[in-house]
Amino acid sequence: MKLREKQSDEFINLDIGMYKSEHVPLSALLKRELVNEKADRPEIVSGEANQSKKGEDFTFINTECHRLLGDGVTTYSVFGIFDGHNGSAAAIYTKENLLNNVLCAIPPDLNRDEWVAALPRALVAAFVKTDKDFQERAQMSGTTVTFVITEGSIVTVASVGDSRCILESADGAIYYLSADHRLDSNEEERERVTASGGEVGRLNTGGGTEIGPLRCWPGGLCLSRSIGDRDVGEFIVPVPYVKQVKLSSAGGRLVISSDGVWDALSAEEALECSRGLAPEAAAAHIVKEAVQVKGLRDDTTCIVVDILPPEKTNHNLQPPKKTGKRVLKAMFRKRSTEEPPKLDDGEEEYFDPDLVEELVEEGSAMLSERLDTKYPLCNVFRLFICAVCQVEMKPGEGISIHHGSGNTRGKLRPWDGPFLCVRCQQKRDAMEGRIPSTNARYSSESD
Ligand SMILES: [Zn+2]
């Protein structure tokens, strides 16, 4: 079996491209598909702004990525914010490699529904691979990552660290699409870090006085998840929180920002101060507002993305209609496979068409839970490919991701896949505190 070609994307998957082109020239196929596709898909308009203090915030925007699928061509958009610390090497490396790692973790022959369903798992594998590859370069910096892929009206967000992504739906409700991996605000993460062998505490100035935010030792990082950070413990993991939602046909606005914005503005304030502005102007205004409140104390970066119904493209600045109160999070409509609510006799089931539907929410740091067999495809051809780094393995060489994980969920057996190569298995064990972290060393540096 041949190791799949690594390739960058805007970017057509040539594996299938060459196969299809025996019958129809690829360019003709692409053109036809893209015309068909555009008619019923939301329009994506985006803008970004930044005020720099340390020069460690980086962004990635590409609204014209194409992928050839088993059943046609799809266009999708990608947005990322990378807030580096202890230098910018990790942020730059992640910006340059993460998308390719995501695409390489998705089998090439999926149809449209399958490829969107495969994204959450591919994002987990890609974050871990990017972290592992960067650490092997022996550079010491780290970065937060908030990575957003929009495909039609489905938005998939993967994040480590504290660069938040929020969504305002067309009816004015606000949703958080990222988690805050800050030790100060996340008790679950404090418990995970402690259980994996790290220590959580404030900086001790020597006289018994403790100052500043909660940090994780060794290393002194305020974040519990990041990419890079070779010089802190392996319990600072790159496994992202992933949220996938489906917007209503009325669309919505995404605001993705580094902590320079969120330390100064609430979600409501950021949305209010930029209401009615096109994305580029909105992003600039949010950054300006944040700097006015707090001064330029940190790199302050913002990306605004409008997901617009196709027919509204030319008059896109409608402020959302304000029906009812803003309700956070709880308003997600759960995906319909769940048991429907009990209805009284005669009452008809009703779904608010404006409601945002939650498809996936996963935050566990355990790879055995994130790369498990819920994966919708049993692709036998990938049996001998490492689920994280995609390297080819000889039969019998791979180690089941469930091996030694104490995963008690019934039918999972240690010889069930997916499988990891030896090095990815070692990384998994280190992240989960099962073997001493090889890279850890004490450092007084903070983020
Ligand atoms: Zn591997």
What distance in nm separates the two pseudo spin-label positions at Asn204 and Leu296, each 7 Å out from Cα along the beta-carbon direction?
3.9 nm
HN-Hα couplings for the stretch 279-294 via Karplus (6.51, -1.76, 1.60; θ = phi - 60°), in whole Hz with x for Gly/Pro, come out as x, 4, 5, 5, 4, 4, 5, 5, 5, 4, 4, 4, 5, 5, 5, 10
Taking neighbour counts of Cβ atoms within 10 Å as a proxy for exposure, in what order, fewest first, do Cys302, Cys273 appear?
Cys273, Cys302
Whole-Å distance linking the alpha carbon centroid of the stretch 192-260 with that of the stretch 38-115 is 22 Å
In nanometres, what is the gap between the two model label sites at Glu136 and Asp71, each 7 Å from Cα along Cα-to-Cβ?
3.7 nm
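Relative contact order for the stretch 31-164 using alpha-carbon pairs under 8 Å, separation at least 6, rounded to a whole percent?
Rounded, it is 27 percent for the stretch 31-164.
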What ranking of Trp217, Trp115 emerges when the number of other C-beta atoms within 10 Å of each C-beta is taken as an exposure proxy, fewest first?
Trp217, Trp115
In what sequence, highest mean first, do 124-136, 275-287 appear when ranked by Cβ atoms within 10 angstrom?
124-136, 275-287
Among Lys31/Lys394; Lys53/Lys427; Lys95/Lys243, the pairs whose Cα-Cα distance exceeds 31 Å are Lys31/Lys394; Lys53/Lys427
If Ile307, Ile81 are placed from fewest to most neighbouring beta carbons inside 10 Å, the sequence is Ile307, Ile81
Label-to-label distance, nm, for residues given as Ala195 and Val422 (7 Å Cα→Cβ offset):
3.0 nm
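Every number in this text was worked out from the coordinates using simple rules, so none of it is lab data. Treat the numbers as computed from the prediction; the structure is a model and nothing was measured. Please note: Cβ atoms are built from the backbone with ideal geometry, for glycine as well, and neighbour counts cover all protein chains shown.
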